[in-house]
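Some notes on the structure that comes next.
The values are calculated or read from the model by the stated rules, or taken from the named source; none is laboratory data. Keep in mind that what you see is a predicted model, and the values were worked out from it rather than measured. Here the Cβ positions follow ideal geometry from the backbone for every residue, glycine too, while neighbour counts run over all protein chains shown. Side chains are part of the model used for accessible areas, which takes the heavy atoms of the whole protein and leaves out ligands, DNA and RNA. Shrake-Rupley method; radii C 1.70, N 1.55, O 1.52, S 1.80 Å.
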Amino acid sequence: MGSDLTRPLHCPFLLRTSAGGCWARVVTVSPGPLIRVEGQPVSIRCDVKDYGGPREQDFEWMMSRDTSGPRIKIISTFDAAYSHPSFSKRVASGDISVVRLDDNEVELKIAEVKALDAGLYWCQTPSTDSVISGNYEARVQLIVIPNTLKVSPQTPPPVILEGSDLTLSCNVTRELTQPTYLSVTWSVKRGATSEEILVFGPQGDVTVGPKFARRFADGGIRLVPGRNGLFELVISRVTSSDEGIYECNGTEWTHESGGRWIKIVESFKEMGTVAVTPTGQSLSVKASLVLSPGNTLALICSVSAENLLSLALEVSWLADGRDIITMERSGVVISNTSLGGGQGKRGDANLEKAGSGEYRLLVRGVSGEDGGSYACRVRAFIEKGKSAGGGGRWHMATEKTSSPLLVKVEQTKPNFTLVLESIVSPQMTLEHAELACRVTNITHLPPEGRLGVDWEHSALSGTGSESQTIGSLDGQGNLLPGSLYSDRLKSGVISLTRTQPNTFKLQFLHTQEVDMGLYTCSVSVWSVNNQGNLVKVSEQQSSPLTVRWAPKRPSLKVMAKHIREASVGGATFEMSCVVSPENLGDVGYSVLIQSQESPGSNVRTIMTLSPDSVLQHGGATDPNRRDNLVLTKSSAAEFRFRLSGVQLSDRGYYWCDITAWTKQQPGQAWTKVTSAESNKIRIDFQENGPSFSIAIQSDASTVYPWETAKISCLLGADSALLNPDDLAYEVRWFFTRLRGGETTTQVASIDRFGVVKKEVRNSSSDMSVERKDANAYVLSVHGTQDRTADEYHCVTTPWYLSASTGAWTEGAELSSSRIFLTVRFAVWESLQLPLLYGVSASIGVGLFSLVFGLVCAHCCCRNTAHTPRSRNKLMDLEMD
C-alpha cells in the first residue's frame with residue numbers, strides 16, 4: 001500500500017489571488033510501502049507545501065496496525081504530551097524521535113524497528129490557513145520483516161605460493177518473505193585501510209574497485225556465481241601485493257517506488273588472513289659441469305621451485321659476469337658470444353632445454369678464451385593478464401643466480417724474444433726515421449700461428465703525457481691506426497710494414513718535434529680456433545727505445561736589393577729578393593710584394609706568388625696598370641719584382657714577405673713552416689712636370705625653382721710646350737650642405753677617358769656633366785630645388801704625357817674654391833599670372849551677365865494701355 005493524499009479542495013472565488021492562482025495545502029510522505037528489517041533503523045520523511053500562515057509548520061505522527069484499527073498517537077513537534085502511553089517510553093528514551101529538516105519538512109526516526117511497528121503511518125499538519133484548502137495528512141505503509149540475512153564465508157588458505165590462484169568463497173542467503181535483493185562484496189584489509197575488490201548485485205551488476213579494475217579487465221580477477229547463495233571470487237596468479245585480511249560483506253536491499261535502492265541490512269564477516277610465499281624462497285638454481293670428449297664443454301643449470309609449473313623462466317649463462325647466451329621465456333635463444341672485448345671471441349655456444357627445470361649450455365671448440373667463471377641466472381615471471389594487443393602482461397617474481405663455476409682451459413703459450421732498434425736516426429726535424437722490431441727464439445708457436453704488432457709512443461720524461469697507440473697490424477695484416485696518428489698513417493707520412501716474417505718496421509717520412517720520445521713494440525701471437533677465426537693467444541712487449549735529436553728551429557732570412565732604380569716618372573723599378581733558409585729541407589716558397597707610402601701608414605699588397613707558382617694581383621693594384629707589374633722566380637731561392645712606368649702615386653717603400661711551405665706527401669696540401677720579411681726599398685723621385693691651376697664659376701649665383709644652374713670648372717697648365725693631346729683631367733664635383741650640420745658628398749665625376757658617373761641622390765633634380773673644351777668642364781643642375789642649394793666645388797687630377805719617359809704621369813690633385821648657389825622663391829612673380837587670369841575671368845563674366853539682362857528685358861517686356869486707378873479701394877477689396 002503506497003502513501004495516500006486527501007484530494008485537494010477547490011478554492012473559493014474570493015480567495016483567488018491576483019495572478020489567478022490559489023492556496024491548496026499539500027502534505028507528502030516517503031513513497032511506500034516501506035520494507036524494513038527488524039532491529040534496523042527506519043526514517044520516514046514528511047513535508048508540506050502551498051500553505052498559509054507562518055513559515056514554520058508543526059507535524060503530528062500517528063499509526064494504525066491495520067486498516068480498520070484505531071489510530072495511535074506517536075509524536076508531535078509542538079505537544080510534548082502528545083504520545084500514546086504505548087509509545088511514550090520509546091519517545092522519552094529516544095528510540096522514536098522526530099527531526100526537523102526544514103521549516104516545512106520533518107523526519108520520523110525509529111532507532112530499532114520492532115515487528116509491532118508494522119502498519120500504516122499518518123503525518124498530519126495542523127491548519128494555519130485562513131481557509132481550509134488541500135490535504136492536511138498523508139499515509140504510508142511500513143512492513144517489518146525478520147532479519148534472516150546470513151553470511152557464511154569459507155576460510156582461505158593462510159599461505160599460498162606466488163603465481164597460484166586464490167579462491168574466496170562466500171555464502172549469502174536470506175528467507176524471502178518480501179521482494180528484497182542481495183549483494184555480496186569482497187574486500188581486503190591491509191593495516192588500517194580496507195579496499196573493495198568487487199561488488200556483485202543487487203541487480204546482478206558487477207562493480208570493481210579502482211585498484212583492481214585493470215586486473216579484472218585482463219581476466220586476473222573473475223566472479224564465479226554458484227547455487228544456493230554461494231559466490232566465489234578467483235584471484236589468478238597472486239603476488240606479494242595480494243597479501244592481507246580478506247572480508248566478505250552480504251547486503252539485503254529493497255527497491256522502492258521511484259527507482260531508489262535502499263539498503264535495509266548488511267553483515268560483515270572476516271574470511272581470514274592470506275600470506276603469499278615469494279617465488280624466490282622456493283626457487284633453486286644450481287650449475288654443474290659435465291665434461292665431454294672432443295673439446296666440448298657442457299654446463300647444466302637445474303631449476304626447482306614449488307610452483308614451477310606456474311612460472312615462465314628466462315635462463316641466461318654468464319661468463320665472467322657477462323651474458324653469453326639467453327633463452328627467453330618464449331623459448332627463443334639469443335647468443336651474445338660475438339660481443340667479445342679484448343679477450344676475443346669465445347667458442348660456439350648453444351643453449352637447450354634438456355627437461356623440466358634443466359637447461360644445458362654446450363660450448364664446442366673450446367679454447368683458452370672460454371675459460372673463466374660461469375654462472376646460471378634465472379628470472380621467474382608470472383603472467384598478470386592479457387594486454388589490449390592480445391599479448392600477456394608479465395610480472396617478474398624473482399631473480400636468482402647460481403654459485404659461480406670455474407672453468408679452466410690449459411694451453412701452452414708461445415715464447416719468443418723481442419729486439420727494438422733504430423735503423424735510421426734523424427739529426428734534425430723533418431728528416432727520415434726508421435725503427436725495426438725483430439722477433440727471435442720463437443718456441444711453441446701454434447699451427448698456422450701468425451704474428452701481429454702494436455706500436456706505442458710516449459713523450460720524453462717530464463712532459464707528463466701518457467702512452468699513445470701509433471697503430472697496429474693484426475694477425476691478418478690489417479692496419480688499425482691510432483686516433484692521434486690516423487691522418488699521418490693514411491697519408492703515408494708514417495708507415496707500418498712487415499718486411500720479413502719476424503721483422504716489423506715503423507717509418508717516418510718527415511719527423512716532427514712531437515715524434516721525439518720513447519717507443520715500444522708489442523708482438524702478439526694469433527692462432528686459428530675450431531671455428532676458423534683468428535684469436536689472440538699471447539702478447540709480449542719490448543723494452544722502450546729513446547728517439548731524440550737536437551731541435552733546430554727552421555728559419556728564413558730574406559734580403560732585398562735594387563736591380564733598377566726609378567729616378568724619374570715613367571721609369572722602370574726592379575728589385576730582387578734572395579731567400580737564405582736555415583734548418584729547412586725540401587720546401588716551397590710563397591711571396592707577397594707589399595708597400596706603404598711612409599713608415600706607419602697602411603700596408604698594401606701589390607702581388608702574390610703561391611708555392612705552386614700561381615700569380616695573383618692584390619687589392620691595391622690598379623686594374624689598368626696590371627700589365628706594368630711582373631713577379632718571377634729567377635732561381636730556387638730568388639724572386640724578382642718589376643714595376644714599369646712608375647708614377648708619383650707609386651712612391652713609397654717596397655719589400656718581400658716570403659713564407660716557407662712543405663708537403664708531407666706528394667698530392668697533399670701545403671703546410672706552413674715559417675715566414676720572414678725582407679728589408680724595405682724606397683721609390684723616391686721628383687717629377688718636374690707642368691704646374692696646373694683650377695677655378696670655379698657659375699653663370700648665376702641665384703636661381704629660381706626648377707631652373708637650370710650651370711657651374712664651370714676651369715683648368716689651366718703653365719707649360720706652353722704641352723700639347724693638348726698629351727693632357728687629360730679627372731674632374732669630380734662635390735656638394736656641401738651647410739644647414740643641419742656640414743656634410744660633403746660627391747655628386748658627379750668624369751674620368752680622363754671621358755666616362756661620366758653620377759652618384760645616386762635622394763632628389764627630383766638631375767645633374768649632367770659636359771666638357772666645353774680641353775680646359776673647361778660644366779656641371780648642370782636641372783630642376784633646382786631648395787635641397788640643391790648650398791656650396792659646390794670641384795676637384796681635379798691632371799694626367800700628362802711625360803716628355804722624359806713617354807709615359808702618362810699622374811699629377812698632384814687640385815681642389816677649387818667653393819661657390820654658393822641660392823634658390824629664390826619669387827612670390828609676386830609667381831602670383832602675377834594667376835591674378836591676371838582671375839581678373840580677366842571676372843570682367844568677362846560681368847559683361848556677359850549685363851548683355852544677357854538687356855537682351856532679356858528687350859525681348860520679354862511689352863507696352864500696355866494705362867488703366868486709371870480706382871478710387872473706391874474698399875469696393876475693389878470687396879470684389880476681390
Kindly provide the pair-distance distribution of region 555-683 built from C-alpha pairs, with 10 Å bins from 0 and whole-percent values in order of increasing distance. 12, 44, 31, 11, 2
Label point 7 Å beyond Cα of Lys386 along Cβ direction - residues of region 236-251 with amide nitrogen under 20 Å: 236-238
Sorted by accessible surface (1.4 Å probe, heavy atoms of the protein chains only), largest first, Arg100, Arg824 come out as Arg824, Arg100
Percent carbon-and-sulfur accessible area, the chain, ignoring ligands, DNA and RNA, probe 1.4 Å: 51 percent
Ordering 623-635, 587-599 by per-residue average of other C-beta atoms within 10 angstrom, highest first, gives 587-599, 623-635
How many percent of DSSP beta bridges within region 691-823 run antiparallel, rounded to 5? 95 percent
Convert 10 °C to kelvin, take the viscosity as 1.306 mPa s, use the Kirkwood radius over C-alpha pairs of region 691-823 as Rh, and evaluate the Stokes-Einstein diffusion coefficient in µm²/s, rounded to a whole number. 102 µm²/s
Shape call for region 440-533, from the Cα gyration tensor axes a ≥ b ≥ c (a/c under 1.5 means rounded, otherwise prolate when a/b beats b/c, else oblate), comes out prolate
Can you give the FRET efficiency to the nearest 0.05 for Glu759 and Ser491, using r as the Cβ-Cβ distance and R₀ = 60 Å? 0.65
Relative contact order of the chain, defined on C-alpha pairs under 8 angstrom at six or more residues apart (%): 6 percent
Dipole size in debye (nearest 20) for the chain around its Cα centre, Lys and Arg Cβ +1, Asp and Glu Cβ -1? 1040 debye
If R₀ is 41 angstrom, what is the calculated FRET efficiency for the pair Thr296 and Gln541, using the beta carbon separation as r and rounding to 0.05? 0.75
What is the gain in length, in nm to one decimal, between Ser768 and Leu854 on full extension, counting 0.36 nm per residue of separation less the C-alpha to C-alpha distance? 24.8 nm
Can you give me the angle between helix 827-860 and the longest principal axis of the chain, using Cα atoms only, in degrees from 0 to 90, rounded to the nearest 10? 70 degrees
Got a sec? What order do Phe641, Phe216, Phe852 fall in by accessible area at 1.4 Å, biggest, i.e. largest, first? Phe852, Phe216, Phe641
As an exercise, use a Förster radius of 60 Å and the Cβ-Cβ distance of Leu309 and Glu105 to find the FRET efficiency, rounded to the nearest 0.05. 0.40
Per the C-alpha gyration tensor (a ≥ b ≥ c, the square roots of its eigenvalues), region 228-272 is rounded if a/c is under 1.5, else prolate if a/b beats b/c, else oblate; here it's prolate
Using the heavy atoms of the protein chains and a 1.4 angstrom probe, tell me the accessible area per residue for the chain in square angstrom. 54 Å²
Full extension from Glu638 to Arg548: what is 0.36 nm times the residue separation minus their Cα-Cα distance, to one decimal in nm? 29.0 nm
Just name one of Leu715, Thr702, Ala776: the one whose Cα is farthest towards the positive end of the charge dipole of region 691-823 (beta-carbon charges, Lys/Arg +1, Asp/Glu -1). Thr702
Show me, for region 547-558, the HN-Hα J-couplings you get by feeding each phi into the Karplus relation (A = 6.51, B = -1.76, C = 1.60, θ = phi - 60°), rounded to Hz, glycine and proline as x. 10, 8, 8, 6, x, 10, 6, x, 8, 10, 10, 10
Go ahead and estimate [θ] at 222 nm for the chain from helices alone: -39,500 (n - 2.57) per DSSP H run with n ≥ 4, summed, over the residue count, rounded to 500. -2000 deg cm²/dmol
Working only with C-alpha atoms, what are the Rg and Dmax values of region 149-277, expressed in angstrom? 15.0, 51
Label-point separation (nm) for Ile143 and Ile819, each offset 7 Å from Cα along Cα-to-Cβ? 12.9 nm
How high is the relative contact order of region 691-823? Use alpha-carbon pairs under 8 Å, at least six apart in sequence, and give a whole percent. 31 percent
Cα gyration tensor category, rounded, prolate or oblate, for the chain with a/c compared to 1.5: oblate
Restricted to the chain, the DSSP antiparallel beta bridge percent, nearest 5, is 95 percent
Subtract the Cα-Cα distance of Asp699 and Gln616 from 0.36 nm times their separation in residues, and report this length gain in nm to one decimal. 24.9 nm
For region 25-145, would you read off the P(r) tail past 17 Å as a percentage of all alpha carbon pairs? 54 percent
